[in-house]
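The values are calculated or read from the model by the stated rules, or taken from the named source; none is laboratory data. Since the structure is predicted, the reported quantities are computational estimates derived from the model, not experimental observations. Every residue, glycine as well, gets a Cβ built from its backbone with ideal geometry; the counts of neighbours run over all protein chains shown. When the accessible area is computed, the model is the full protein with side chains, heavy atoms only, and any ligands, DNA or RNA have been set aside. Shrake-Rupley method; radii C 1.70, N 1.55, O 1.52, S 1.80 Å.
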Amino acid sequence: MRSADVVIVGAGHGGAQAAIALRQGGFAGSMLVIGDEPELPYERPPLSKDYLAGEKSFDRLLIRKPDFWAERSVEFLLSTRVEAVDPAAHLLTCASGAEVGYGQLIWATGGAPRRLSCEGAGAHGVHHIRTRADIDGLLAELAGVATVAIVGGGYIGLEAAAVLTKLGKRVVLFEAADRVLARVAGPELSAFFEDEHRAHGVELHLLASVAAIETEDGRATGVRLADGIVIDAGLVIVGIGIIPAVAPLLAAGADGGNGVRVDDHCRTSLPDILAIGDCALHANRFAGGAAIRLESVQNANDQATVAARTILGVPTGYDAVPWFWSNQYDLKLQTVGLSIGYDATVLRGDPTARSFSVIYLKHGAVIALDCVNAVKDYVAGRALVAGAVRADRAVLADPTIPLKTLAS
């Protein structure tokens, strides 16, 4: 039976950063990272962008080269899924039946793509975007496909639409809400990206409820909507969120539900078990103290550092300003803060110039910014969000007044 002083379950951004931070902090014990994919840790955001477009090879996605891990005595157990956790025995049971002992455990499993529940959802030609294997499988079928249907108008769906349109495909996108990005942004930003995608030829169907995936001989041939309309498509991409991969921890008695609950030091309710990243349900002051999960590289990396410091005996509470980004066409969207519960917005700049920001306010304080091709606003906005700065709306809206002058 294998064992290690620290076992990290999950070989994504969070798991990799936890291992790096432990070694940087002077941890000299044994370390084992368990991943359910065959690859060493790699960057996931480029999967729906550069990698799908064929502009970046997989070796350029690796977070660190193999020699880096070997030099730091970080061992890996790949293509392995953990199915059970025994907190009392400090023991993991893998799908293969193998057992792994741990001194302390960091759970960094992220989540699995949410699946459609309708008829035909499991047909060949229905794809998700979460892993390298997902994209490789999609690319293997793409050459012979003229029309691609995308279910979901979030970041993943829109990024895939931008790439596939550039590759010459007809793209039809279905969103159940009345606008794209409805969960994460205000109407101004949604309207802008809807116009951009339509201008690039993407066919958007809003308030579109998918009733079934049409199939022939077990393969997807199109999408049928609740109103009976059928759109033919040779390939379907589903991007409707993720389900946090925490079942083994919850079965072992950990507090949680939509994720596993952690304190501000990333400790779960189980002894010697910490959790980080997409699967970690935590109270976040930028969400008004609500318990949330943040699905971002920033959150995974920052929580990984917090978890490492907790294990090293120098605990530091997690209090990082959230940030996100999305690349679509020649547009770089950078978001800082969380717009949850905003009660007013300020439009800064001109969307027709394709460089502007939407500033979100709550009770007069800046809580978030969505910046499109507006890097200076994004950089300065971080301080505004961190300090919950209050400023006159006319000043915020004036692009000739640098936002950095308001943060001092």
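Listed values, structure above:
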| item | result |
| --- | --- |
| Only listed residue being open to solvent by 10 Å² or more (accessible area, probe 1.4 Å) and either touching a residue at least 40 places away in the same chain (Cβ under 8 Å) or touching a His at 6+ places or on another chain (Cβ under 8 Å) (or both), chosen from Leu281, Leu347 | Leu347 |
| Residue that is most open to solvent (accessible area, probe 1.4 Å) [pool: residues in the stretch 63-107 that are farther than 30 Å from Leu270 by Cα and touching a helix residue (DSSP H, G or I) at 6+ places or on another chain (Cβ under 9 Å)] | Lys65 |
| Answer residue from the stretch 297-313, given it is open to solvent by less than 20 Å² (accessible area, probe 1.4 Å) and among the small types (Gly, Ala, Ser) and is farthest from Cys266 (Cα to Cα) among those | Ala300 |
| Residue within the stretch 112-120 that is without any contact (Cβ under 8 Å) to a residue 60 or more places away in the chain and outside any helix (DSSP H, G or I) present | yes |
| Checking Leu250 against (1) touching a residue at least 12 places away in the same chain (Cβ under 8 Å); (2) open to solvent by 20 Å² or more (accessible area, probe 1.4 Å); (3) under 19 Å from Ala108 (Cβ atoms); (4) out of contact with any helix residue (DSSP H, G or I) (no Cβ under 6 Å at 6 or more places or on another chain), the condition it does not meet | (1) |
| Considering residues of the stretch 121-137 that are assigned to a loop (DSSP other than H, G, I, E, B) and either in contact with a helix residue (DSSP H, G or I) (Cβ under 6 Å, 6 or more places away or on another chain) or in contact (Cβ under 8 Å) with a residue 24 or more places away in the chain (or both) only, the residue farthest from Ala212 (Cα to Cα) | Thr131 |
| Filter result for Gly289 (open to solvent by 40 Å² or more (accessible area, probe 1.4 Å), assigned to a loop (DSSP other than H, G, I, E, B) and modelled with pLDDT under 95) | yes |
| Residue check, His265 part of a strand (DSSP E or B), open to solvent by 20 Å² or more (accessible area, probe 1.4 Å) and either free of Cβ contacts under 8 Å to residues at least 40 places away in the same chain or within 30 Å of Ala11 (Cβ to Cβ) (or both) | no |
| Test result for Asp255, surrounded by fewer than 22 Cβ atoms within 10 Å (Cβ to Cβ), free of Cβ contacts under 8 Å to residues at least 60 places away in the same chain and farther than 30 Å from Ala149 by Cα | yes |
| Pair list, Cβ < 6 Å and 6+ apart or interchain, from the stretch 91-104 residues that are more than 19 Å from Asp272 (Cα to Cα) and at pLDDT 95 or above to residues that are open to solvent by 50 Å² or more (accessible area, probe 1.4 Å) and of a type in the set (D, E, K, R) | Ala95/Arg81; Ala95/Glu83 |
| Residue ID - nearest to Gly289 (Cα to Cα), chosen from residues in the stretch 375-392 that are out of contact with any Leu (no Cβ under 8 Å at 6 or more places or on another chain) and touching a residue at least 40 places away in the same chain (Cβ under 8 Å) | Ala386 |
